[in-house]
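The values are calculated or read from the model by the stated rules, or taken from the named source; none is laboratory data. Here the structure is a predicted model, which means the values were calculated and not measured. Cβ: placed from backbone, ideal geometry, glycine included. Neighbour counts: every protein chain shown. All accessible areas refer to the heavy atoms of the entire protein, side chains included, with ligands and DNA or RNA removed. Shrake-Rupley method; radii C 1.70, N 1.55, O 1.52, S 1.80 Å.
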Amino acid sequence: MRRARMRFPFWIAVISGLLLVGLSPGAALAGSETVTVTVDGRELALPEPAGVQDGVVVAPVRTVAEALWAQVTWIGATGEVLITALSATVKLTVGSREVSRNGEKASLSLPVSVRRGSAVAPVRAVAEALGAAVAWNPGTRTVAITTRPPAVPERVYAPAFPARVAFTANRCLWLLDGTQAGARPVQVTKDGEVQILGWSPDGVWLAYLHRAAGQEGAGKPYLWVVKADGRGAYQVDPRPVMDKAAWSPQANLLAYSTQGPGGGYAPDGNLKIATIGAGGAKATALITGGEPVEDFAWSPDGQSLVVSLHDEADLLLRLDRLTLKGERSNLLTLGEAGNSTNPRSEVLPFHAQGFSWSPDGRYLAYYLCPNSASLAADGVELQVLDLNQPGKPPVNLGTTLSYAEWLAWSPDGSQLAYIWGGGREATANKVLRIVDLEAGGKVIDCGRAGQVDTMPVWLPASEEGVLFCRGPEDTSWEGEAHGVRVLVPGQRIWWQKLDGTAVPVTSGPANTADCYPWVSPDARELYYLRLTRRDSGSLYRQPLAGGPAVELVRNLGGSPGYYGNYYPAWVSIYHFGGNDQVQALSELFQAEAEKLAGVEVPVYVPTWFPGDGPFRLAEFQADKDGYRFKIIRGKE
């Protein structure tokens with residue numbers, strides 16, 4: 001039986017503000033006495049000191065609210081302060097005791113006032129309206145605000161769906177087997193910080209980087225793998241890696257380069273290949289040392305890798321192909337041997353990164369980075385090398401940011417979708433472009449004025465076009481110390497078709513943003529992350545051809561990344577089953593989605609329902625009264 005949830009009336013929290021310091025409402029202002037305000041043990045730097053007025057501690061609203069990850073907007077024409085958080089919208093008015101929380105009105109113990117340009121209000125009322133707990137320590141005259149524990153990831157959609165999902169939340173790694181109806185997310189790591197690398201080609205293993213607790217964001221990462229069920233995790237190499245590892249597209253092999261465990265930049269100058277299995281990792285070195293490997297990427301057939309090398313003595317940049325047998329051939333060399341006398345202050349091509357092979361292995365796209373980190377942060381050259389024409393200069397596609405995820409090849413390898421535009425902010429001046437290399441390098445600009453484009457994904461058939469993220473340009477988030485709103489409100493997944501038309505595929509509330517588009521191999525289903533605030537959101541799935549979106553998992557979390565690029569990605573998806581199984585499960589999903597949307601469409605279809613062991617054939621029925629499974633072959 002479901003228990004009724006008790007509501008805590010907002011007016012109780014407001015009245016309790018009178019009791020914060022144990023004084024009566026008529027107590028005199030004691031503003032000369034110091035009052036400290038902390039959030040989760042961290043003292044707030046207040047632009048206007050907190051003080052006691054009539055027994056109530058008051059402090060600047062903006063500082064307190066932003067420390068609780070809320071956004072504060074000042075409406076000068078009406079003297080209103082609007083506080084927007086994930087779970088509540090709070091409105092205050094200068095000179096008034098009235099306050100509303102999600103439309104519910106109450107009365108403050110003191111009116112909101114302005115002191116030296118800062119709106120000031122009772123601390124307890126503001127903090128508790130945003131879901132925090134407040135305690136008063138009379139001995140230290142400290143207001144201690146404690147935020148609620150982070151939300152735990154929750155599976156919302158109980159029926160089976162044909163995918164395994166890896167995602168981050170609260171800096172930890174979680175796995176969900178969507179093929180198991182009702183299965184809950186499994187937490188893999190308990191502390192530190194995780195970066196997802198992706199699934200092995202067979203979907204059995206998930207690779208990730210882990211930084212120890214206390215070293216988040218700065219510590220050196222170690223390479224780990226874990227089985228899809230969350231068990232059998234182990235560390236691949238005893239040494240930390242150089243922020244990257246990559247699966248072979250054809251086998252359970254991981255390529256990576258290691259570094260020293262101490263402080264500072266200390267590359268070992270190697271390239272290792274580890275075979276991943278239940279008994280542990282077996283590593284061999286293709287490059288043994290002395291050659292700093294700036295970046296690398298597997299070829300589509302999984303038989304070789306391209307590596308970016310930099311000769312510090314001769315200032316040469318080399319792109320070499322290295323086979324699994326250790327055979328090496330040069331693809332491109334930039335610079336002039338014997339040029340070590342060049343002044344180090346000169347801006348020169350230093351290395352290539354962000355490699356992306358065309359599916360047929362003919363073309364290689366990469367970013368050419370200079371020996372200036374500051375210049376590279378604002379944009380680098382994107383080039384494409386035709387490996388079928390040795391000696392032919394690379395095609396230069398202009399300036400953009402060096403994210404491999406912003407490159408998407410058509411399945412036939414003839415066209416490349418990419419994001420063009422300089423400036424380190426990923427939320428402005430970024431445009432989708434498509435180059436047709438079989439048509440002499442013709443470039444199509446798909447941008448729209450005032451819009452920002454990111455994260456292109458080519459659909460499974462070359463003629464179908466590209467999915468990408470598009471929303472209004474926005475850099476107003478810069479400088480927000482504790483901002484909570486999404487960086488590009490209203491961002492949606494769009495479909496750029498090759499006839500020149502572009503249409504939105506997703507829709508949602510104006511204060512949300514959709515990102516990380518991923519399409520099933522049969523092009524029937526679209527998965528994406530919907531951000532409800534800049535550091536959290538939910539995973540959704542909907543039919544690509546149109547239909548209701550269904551929330552699969554909520555409370556995913558991660559970082560908005562460097563200048564809003566949203567990398568490393570928060571989620572990785574492995575689509576499960578063969579074409580027939582995928583089609584049947586997709587029909588099941590479509591029926592359930594329509595049911596959830598309130599559409600009465602009785603459906604009775606056979607579907608492959610995954611469980612322990614082989615797939616089992618089941619019948620699925622959905623109507624206005626619910627849905628049912630009936631196993632008709634295989635064990636229940």
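Conditions tested, residue by residue: (1) within 28 Å of the chain's Cα centre (by Cα); (2) open to solvent by less than 40 Å² (accessible area, probe 1.4 Å); (3) at positive phi; (4) not polar (S, T, N, Q).
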position: Gly76; (1), (2), (3), (4): no, no, no, yes
position: Ile83; (1), (2), (3), (4): yes, yes, no, yes
position: Val94; (1), (2), (3), (4): no, no, no, yes
position: Gly103; (1), (2), (3), (4): no, no, yes, yes
position: Leu108; (1), (2), (3), (4): no, yes, no, yes
In region 191-200, which residue that is more than 12 Å from Ala163 (Cα to Cα) and at pLDDT 95 or above is farthest from the chain's Cα centre (by Cα)? Ser200
Just a yes or no: is a residue in region 395-412 over 22 Å from Tyr566 (Cα atoms), buried (at least 17 other Cβ atoms within 10 Å of the Cβ) and in contact (Cβ under 8 Å) with a residue 60 or more places away in the chain? no
Pairing a residue in region 251-263 that is open to solvent by less than 10 Å² (accessible area, probe 1.4 Å) with any residue that is among the basic types (Lys, Arg) and part of a strand (DSSP E or B), where Cβ atoms lie under 9 Å and the two sit 6 or more apart in sequence or on different chains, gives Leu254/Lys272; Ala255/Lys244; Ala255/Lys272; Tyr256/Lys244; Tyr256/Lys272; Ser257/Lys244; Ser257/Lys272; Thr258/Lys272
Scan the strands (runs of 3 or more DSSP E) fully inside region 124-179 and keep the ones with 3 or more residues being in contact with a Leu (Cβ under 9 Å, 6 or more places away or on another chain). 163-169, 172-177
Near pairs, Cβ below 6 angstrom, 6+ apart or cross-chain, from region 497-510 (of a type outside the set (S, T, N, Q)) to any residue that is open to solvent by less than 70 Å² (accessible area, probe 1.4 Å) and outside any loop (DSSP other than H, G, I, E, B): Ala502/Trp494; Ala502/Gln496; Val503/Trp495; Pro504/Arg492; Pro504/Trp494; Val505/Ile493; Val505/Trp495
Considering only residues of region 113-148 that are open to solvent by 40 Å² or more (accessible area, probe 1.4 Å) and among the aliphatic types (A, V, I, L, M), which is nearest to Val37 (Cα to Cα)? Ala135
Residue, least open to solvent (accessible area, probe 1.4 Å), within region 569-587, restricted to residues that are modelled with pLDDT of 95 or more and part of a loop (DSSP other than H, G, I, E, B): Trp570
Consider Thr475 carefully, then state whether it is assigned to a loop (DSSP other than H, G, I, E, B), surrounded by 18 or more Cβ atoms within 10 Å (Cβ to Cβ) and among the hydroxyl-bearing types (Ser, Thr, Tyr). no
Matching residues in region 264-303 (over 21 Å from Ala207 (Cα atoms) and either of a type in the set (Val, Ile, Thr) or without any contact (Cβ under 8 Å) to a residue 12 or more places away in the chain (or both)) number 5
Failed condition for Ala119, given (1) in contact (Cβ under 8 Å) with a residue 60 or more places away in the chain; (2) touching a helix residue (DSSP H, G or I) at 6+ places or on another chain (Cβ under 7 Å), with all others met? (1)
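For region 224-240, which positions are part of a strand (DSSP E or B) and buried (at least 21 other Cβ atoms within 10 Å of the Cβ)? Please lay out each step first, then the result.
Let us first name the residues in region 224-240 that are part of a strand (DSSP E or B), namely 224-227, 234-235.
Those that are part of a strand (DSSP E or B) and buried (at least 21 other Cβ atoms within 10 Å of the Cβ): Trp224, Val225.
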